[in-house]
Amino acid sequence: MKTIKTISWLLLSVFLWVAAAGQTAKDLPKRMTFAVEISGVLCGYSEMTISSTEKDGRKLLSINTEALVKQRALGGNVELIITEHALITPETELPVFVEQRFKTNAEIYSCTKFDNGVAYFTTAENGEPREIKLPDDVILENPLSFPHLMNDFIGGDANQKTYKVFDFQSGEIISKTYKRIGEEQLELAGANYNATVLEEFNHQTGITTKLWLDKKNSHALKISTSNRLIYLADESLKKRIQVVDVDNLLFARVNKVIANVHAISSMRIEASIQSEGEIITTESLNFPGQKFEGTVSNNLIEGVFEVERQHYTGENAPSFPPHFSDEKLKKYLEPERLIESDHPVLVEEAQRITADSKDAWEATVKLSTWVGENIMGAIPGGTSAINTYNTREGECRSHSRLLAAFCRAVGIPARLSIGCMYISYAGGCFYQHAWTEVYMGDAGWVAIDATAHEFDFVDAGHIRLGEKTSFNPKAMKILDYQMENESADNTVPEKYKKYLGNYPFEERNSIFKILYQDGSLAVDIPNAQVLALNPPDENGVFYPTVTRQLNFSFGNDIYGNISTMKLQQVIPLGKKFEQDSIPSDVPDEIRPLVGNYWFAQARADFKVVYENGILAFKNPLTNETVKLPKHTESGLWKDELGKNEVEFERNDANEVVRMYVYVNVYLKKQIEL
């Protein structure tokens with residue numbers, strides 16, 4: 001489980017983009033502050049500063065905006081920061097330059113310059129821009145005014161109108177339709193306003209937004225969409241910001257625990273889902289392996305899904321490298337924003353991984369396996385394909401984008417699938433998820449899920465909604481399901497009986513349980529989920545089927561009975577480029593290890609130091625210094641009690657880029673009386 005639906009950067013960009021709309025150059029304030037709420041919780045703000053500047057002999061307005069939103073999902077904190085710099089001509093109120101950055105632990109960047117009816121758009125800082133010729137009737141939105149809405153709706157009598165609008169995130173010309181809702185009086189930031197209320201529908205994203213515009217100047221006073229709200233406020237709100245838990249927005253609980261998710265062969269689900277993104281139809285929800293009966297109205301999906309597991313085994317797979325000439329596949333072979341399939345590093349690595357593949361399917365499975373086994377689960381993730389590759393961590397979309405980039409880099413058409421997946425978290429639920437589809441010639445599009453370690457298939461707990469959409473569940477219910485091994489005898493095999501039982505974790509007053517469910521050994525993690533386990537490896541270590549960041553092993557007493565369980569969690573921390581100075585007495589072989597390492601999910605710096613002749617790391621979460629006096633031949637550094645082990649990873653230049661902390665917990669098996 002490695003996904004989070006953070007507040008869509010598209011939605012937040014709408015928030016900050018119209019935050020000061022409608023003011024004229026004469027009466028502009030120097031600073032404006034807006035509150036951001038999610039599900040009624042004040043969890044962020046947007047702050048804009050406005051000043052005059054001069055560039056190339058032209059007088060311009062300079063607008064700098066910063067938005068901050070604090071969230072928590074799956075126990076991890078996610079802090080989203082959006083910054084924007086725009087230059088606007090006061091006379092025409094048209095933008096001449098717009099630069100935006102969306103940051104978690106990675107960054108999404110876009111920049112657009114306008115000149116003589118042409119937009120120069122790039123998604124890489126100092127990158128080569130793409131030229132886009134703008135139609136005469138295109139709207140260039142700006143942070144200061146809605147002149148088109150002021151003219152047509154506030155000053156005019158329009159009830160509904162559609163505009164062509166340049167989109168600053170994608171560099172595309174999209175359509176937005178506005179509909180008059182009515183009039184409303186608002187009291188915000190100690191002042192009263194008369195507002196015209198409009199509904200905006202973005203035809204590209206499928207997102208519907210409600211706008212309250214000041215009738216005097218088309219200033220956006222309040223914006224609402226889904227469970228998010230932004231409104232004019234005063235600076236004091238920044239002292240009241242809380243972290244909002246978004247699990248209830250991410251998960252649809254079904255109160256049915258299925259441990260061996262990989263073995264789900266079919267499932268019927270009654271669903272009510274409000275999706276945002278591309279336009280969804282009943283036809284788009286029906287394809288081989290998925291049947292939907294119900295209705296779709298304004299992307300509200302209500303009905304029953306029947307999902308059958310499709311397991312392609314490579315029959316008549318295209319040759320490798322493949323050669324596709326179908327024009328419909330062209331966009332799935334080319335690089336795009338966040339899927340940098342032309343990046344030299346990704347191209348070289350994809351070619352290395354797929355060397356000597358007999359066909360395109362074998363190459364695909366090799367790439368999928370590499371991504372699943374080498375990219376750690378992390379919230380937030382690497383975001384783009386190259387960032388995910390460099391950081392070696394990410395949530396489901398990060399995994400899926402990297403796999404898509406790898407496939408495209410070697411000529412295999414690939415795209416993302418967005419929808420939801422069943423997991424055993426919180427008593428069983430569906431959560432927003434992304435996976436990858438690859439085109440295999442006669443077999444068509446084949447789904448694979450590297451995040452869930454389903455390297456050559458997806459289980460029947462996946463519901464596909466589209467390529468660029470979202471999962472906002474209202475209600476989900478499992479009506480029926482089948483397991484691939486359901487006809488087999490579910491009696492506990494003799495070799496597994498010795499592991500079954502309770503393993504108390506006294507420090508946390510909880511109990512881990514080892515049980516046999518759905519044809520496999522499983523672990524019930526208290527207050528979390530039930531994970532099916534793979535058979536033990538050659539060292540007797542059990543890994544969950546869906547991740548390698550946890551593992552379990554067992555110890556015997558003098559009579560040969562299971563007496564202890566060792567739980568090991570792997571925590572990856574990337575080394576930061578900015579480092580403190582290293583003392584001169586640190587040995588040369590230790591110096592590359594010393595420095596600051598970033599734990600993204602906890603937003604904390606772990607510091608590796610060398611003190612009194614011993615390597616150690618300082619854990620800011622527990623405020624303790626863990627000494628590592630033991631160094632094994634295999635490269636592990638261990639503490640004296642065996643609770644922590646540390647491994648350092650180097651790149652091709654022999655530079656230390658990452659630290660893995662292996663946290664070991666030993667639990668005694670509860671004796672049955």
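Take the conditions crowded, with 21+ Cβ neighbours inside 10 Å, in contact (Cβ under 8 Å) with a residue 60 or more places away in the chain, assigned to a loop (DSSP other than H, G, I, E, B) and outside the structural domain of residue 286 (by TED's automatic domain parsing) and apply them to residue 503. Does it pass? Full working, then the answer.
Numbers: crowded, with 21+ Cβ neighbours inside 10 Å: yes; in contact (Cβ under 8 Å) with a residue 60 or more places away in the chain: yes; assigned to a loop (DSSP other than H, G, I, E, B): no; outside the structural domain of residue 286 (by TED's automatic domain parsing): yes.
Considered against the rule, which asks whether it is crowded, with 21+ Cβ neighbours inside 10 Å, in contact (Cβ under 8 Å) with a residue 60 or more places away in the chain, assigned to a loop (DSSP other than H, G, I, E, B) and outside the structural domain of residue 286 (by TED's automatic domain parsing), residue 503 comes out as no.
Considering the range 354-394, the residues that are among the acidic types (Asp, Glu) and farther than 12 Å from residue 455 by Cβ include one that is surrounded by the fewest Cβ atoms within 10 Å (Cβ to Cβ), namely 356.
Per-residue answers, yes or no, for (1) at pLDDT 95 or above; (2) in the same structural domain as residue 384 (by TED's automatic domain parsing); (3) touching a Pro at 6+ places or on another chain (Cβ under 7 Å); (4) of a type in the set (Val, Ile, Thr):
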residue: 58; (1), (2), (3), (4): no, no, no, no
residue: 62; (1), (2), (3), (4): no, no, no, no
residue: 71; (1), (2), (3), (4): no, no, no, no
residue: 77; (1), (2), (3), (4): no, no, no, no
residue: 89; (1), (2), (3), (4): no, no, no, yes
residue: 95; (1), (2), (3), (4): no, no, no, no
residue: 104; (1), (2), (3), (4): no, no, yes, yes
residue: 115; (1), (2), (3), (4): no, no, no, no
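Residues in the range 623-651 that are outside any strand (DSSP E or B) and among the basic types (Lys, Arg): 643 only. For the range 288-305, the set of residues classified as exposed (fewer than 14 other Cβ atoms within 10 Å of the Cβ) and touching a residue at least 40 places away in the same chain (Cβ under 8 Å) consists of 288, 298, listed by residue number.
If only one of 155, 127 is at pLDDT 90 or above, in the same structural domain as residue 46 (by TED's automatic domain parsing) and of a type in the set (Gly, Ala, Ser), which one is it? Explain how you work it out, then say what you get.
Values: 127 fails: at pLDDT 90 or above.
After ruling out the rest, the residue left standing is 155.
Screening residue 603 on (1) within 24 Å of residue 635 (Cβ to Cβ); (2) touching an Asp or Glu at 6+ places or on another chain (Cβ under 7 Å) shows it passes everything except condition (1).
If only one of 280, 301, 269 is within 17 Å of residue 419 (Cα to Cα), out of contact with any helix residue (DSSP H, G or I) (no Cβ under 6 Å at 6 or more places or on another chain) and modelled with pLDDT under 95, which one is it? Give the derivation first.
Numbers: 301 fails: modelled with pLDDT under 95; 269 fails: modelled with pLDDT under 95.
Every option except 280 fails the conditions.
Restricting attention to strands (runs of 3 or more DSSP E) lying wholly within the range 553-622, give those where 1 or more residues are within 25 Å of residue 657 (Cβ to Cβ) and of a type in the set (Lys, Arg). Steps first, answer last, please.
Numbers: elements: 562-575, 595-599, 604-611, 614-619.
Those strands (runs of 3 or more DSSP E) span 562-575, 604-611, 614-619.
Condition check: surrounded by fewer than 19 Cβ atoms within 10 Å (Cβ to Cβ), closer than 27 Å to residue 475 by Cα and either outside the structural domain of residue 418 (by TED's automatic domain parsing) or modelled with pLDDT under 95 (or both). Does residue 325 satisfy that?
Criteria not met by residue 325.
The sole residue among 171, 182 that is on the phi > 0 side of the Ramachandran plot and either surrounded by 14 or more Cβ atoms within 10 Å (Cβ to Cβ) or at pLDDT below 95 (or both) is 171.
Looking only at residues that are hydrophobic (A, V, I, L, M, F, W, C) and closer than 14 Å to residue 115 by Cα in the range 85-102, which one is surrounded by the most Cβ atoms within 10 Å (Cβ to Cβ)?
So in the range 85-102, the residues hydrophobic (A, V, I, L, M, F, W, C) come out as 86-88, 94, 96-98, 102.
When the remaining residues are screened for being closer than 14 Å to residue 115 by Cα, the result is 87-88, 94, 96-98.
Working: 87: 19, 88: 23, 94: 15, 96: 19, 97: 17, 98: 25.
Top of the filtered list is 98.
Here 368, 398 are screened, and the one residue that is more than 19 Å from residue 649 (Cβ to Cβ) and either part of a helix (DSSP H, G or I) or not assigned by TED's automatic domain parsing to the domain that holds residue 433 (or both) is 368.
The values are calculated or read from the model by the stated rules, or taken from the named source; none is laboratory data. This is a predicted model, so every value here is computed, not measured. No Cβ is skipped: glycine too gets one built from the backbone with ideal geometry, and neighbour counts run over all protein chains shown.
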